[in-house]
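Every read-out reported here was derived from the displayed coordinates using simple, explicitly stated rules and does not represent laboratory data. What you see is a predicted model, and the numbers here were worked out from it, not measured in a lab. Backbone-built Cβ (ideal geometry, glycine too); neighbour counts: all protein chains shown.
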Amino acid sequence: MKRDVSDPPFASEDLSIGAGAARDTMTVAVWTMISRITGLARVIVIGAVLGPTFFGNSYQLTNVLPNLVFYGFLAGSLLSSLLVPALVRHIDVGDGEETGRVAGGFLGVEWSILLLAAPVAVLAVPLFLPNGEATLALAVLAIPQVFCYAMVASATAVMYAKRRYLLAAAAPALENLGVIAVLVLAGSIYADPANGHVPTGAVLLIGGGSTIAVVVHAGVQWWGARRCGVTLVPRAGWRDADVRQVVRRAVLSMAQAGLLAAQTLLLLAMAGKVAGGTVALQMSLSFYHLPLALAAAPVGLALLPRLSRMTGEDAARDFSDAYQRAVGLALFLVVPAALGYLVLAVPFANVVAAGQMSTTAGVAMVAGSLSALAIGLVGETLFVISTQAAYARGDARSPLRSMMLQAVVCLALVVPAAFVDGRALITALGGAFAAASMVGGIHLSLRVRRGLAPATNRLWPSVVRTIVASLAMAAVAGSVAAVAMATLDGSAGWLTASAAGTLAGGVSYLGVHRSLGSAELTWLRDGARGRAVPESSPA
């Protein structure tokens, strides 16, 4: 029997992108923050144990290759987003068996593709890197990770469609903690696995242990889907009409994600021309992805199941309002982070560049690339939110076209950057990626907005408030950090500058927004209290 969508948890007032979505956003953000903090710690430990060496470059690249292959070239995260609307249709009529059939069928298709693509993709790139035997061994040990990430994607799609976000956001922390433990163990057993010849035992321990950590992550996500009533088992999905429809759209998404992964891979490979450059750039990219994971992605995930239920003509204005509010809320959270990175790049770099990475060159590469990447956060946020809006309407072409433009711009800027010598190359690569992200995000946002009905409220007042508050925040954060660095020396000064600058900037940012009466601040407050607001609410 079809369930009335006015019943909890899909009440119509809770589908608005006000406090209801803010509540879901905060659930995702809090647990994603824990996962991302452990992810940043993972990168720091890699730098501390392996240092600015070519073996460090090899491990870092092979360590992210499975992630790039599935979430990048095979559009793993986008596949989850494409799968959610298909699962929502069955969930809303209370058909758990059909939900499991579609999710399992899609997993079967993913694994079938990966059986052919994963070995080729994972083994091809390391052939062009130094430390040939060690790099190849690390790549071989990493191949099973790709299949685990496919399981993660299907399981999280089930949980997102059910609007259960906690476990999906928290489970990656287990993988990060596992990899950290493996690296610490390798460092203690082999003293310095990055110095000179790398022992075979160190390669096997680091590579195999990292893969076991990914297996644990996938197992926890599978259990989460089972708690939602879906036991994920690979099925012959190519025989299923629902799965085939998702796969047809996924082809475009794979091309889109492949272009983004190619950009990241190009940057990391180019950074390998400088000793420790790949590790330094990956550290900056970890910072770069942190506000995206804590703000843009949670807002997008809260938005997708809502917009998937607003696709009728009678809900066209609701769709436009929800999209505009999502953009305003995401920028409210991301813009201050972008400016914060610009003014606090040096103290942040000195804090995270630990162990063998704490050289003058290592710190300079992290600080330079982080400040260069910062502005790209705005464009990437627009791209993430607009992609979810396009997918909710069954449009996979617009995100692909915008990503094609972004890739062209990135390549055009990376080519001249390749002629930059030394550590300045890492900064130039970060700037090229940031500029391309801005172009792609603005282009997609304009494409999506052209196809929407007129919204009830304008977006610009929200954007202006966010810019004003962010500029005030940057001034306060920079001043407090400068005082801390002038007062204290060494690590204590850098740590105090980072913490005090962030805290003072955050307080001033929220204070300005409160004085301006920002609706986004009200949504977050009400969301934290577990409230939902009706469509007629002034917010």
Legend entry - Inter-probe distance in nm under a simple model that places probes 7 Å from Cα toward Cβ, at residue 212 and residue 262: 3.8 nm
Inset, instruction - Go through segment 144-155 residue by residue and turn each phi into a ³J(HN,Hα) via Karplus (6.51, -1.76, 1.60, θ = phi - 60°); whole Hz please, and just put x for glycine and proline. - result: x, 4, 4, 5, 5, 5, 5, 4, 4, 5, 5, 5
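Once R0 is set to 51 Å, what does the formula 1/(1 + (r/R0)^6) return for the Cβ-Cβ distance between residue 241 and residue 499, expressed as a FRET efficiency to the nearest 0.05? Working shown, then result.
On the way: r = 55 Å, r/R0 = 1.07.
The formula returns an efficiency of 0.40 here.
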Inset, instruction - Taking 7 Å along the Cα-to-C-beta vector as the label spot, tell me the residue 418-residue 492 distance in nanometres, rounded to one decimal. - result: 4.8 nm
Inset, instruction - Place the peptides 415-426, 340-351 in order of packing, highest mean first, counting for every residue the other Cβ atoms within 10 Å and averaging per peptide. - result: 340-351, 415-426
Legend entry - Note, ³J(HN,Hα) from phi for segment 98-107, Karplus 6.51, -1.76, 1.60, rounded to Hz, x at Gly and Pro: 5, 4, x, 5, 5, 5, x, x, 5, 4
Inset, instruction - Could you tell me whether segment 396-480 comes out rounded, prolate or oblate from its Cα gyration tensor? Rule is a ≥ b ≥ c as square roots of the eigenvalues, rounded for a/c under 1.5, then prolate if a/b exceeds b/c, otherwise oblate. - result: oblate
Inset, instruction - Show me 477-483, 457-463, 487-493 ranked by packing, highest mean number of other Cβ atoms within 10 Å first. - result: 477-483, 457-463, 487-493
Legend entry - Over segment 252-331 - Rg/Rh using Cα atoms and the Kirkwood inverse-distance radius: 1.16
Inset, instruction - Multiply the residue separation of residue 446 and residue 401 by 0.36 nm, subtract the distance between their alpha-carbon atoms, and state the gained length in nm to one decimal. - result: 15.0 nm
Inset, instruction - Starting from the Cα-Cα distance between residue 189 and residue 468, subtract it from 0.36 nm times their residue separation and give me the gain in nm to one decimal. - result: 95.2 nm
Inset, instruction - Determine the gain in length on full extension of the stretch residue 227-residue 482; use 0.36 nm per residue of separation and subtract their C-alpha separation, reporting nm with one decimal. - result: 86.8 nm
Inset, instruction - Restricting things to alpha carbons, find the Rg to Rh ratio for segment 287-417 using the Kirkwood radius for Rh. - result: 1.09
Inset, instruction - For a footprinting-style exposure proxy, rank 111, 523, 222 by other Cβ within 10 Å, fewest first. - result: 111, 222, 523
Inset, instruction - Go through 273-281, 255-263 and give me the packing order, highest mean Cβ count within 10 Å leading. - result: 273-281, 255-263
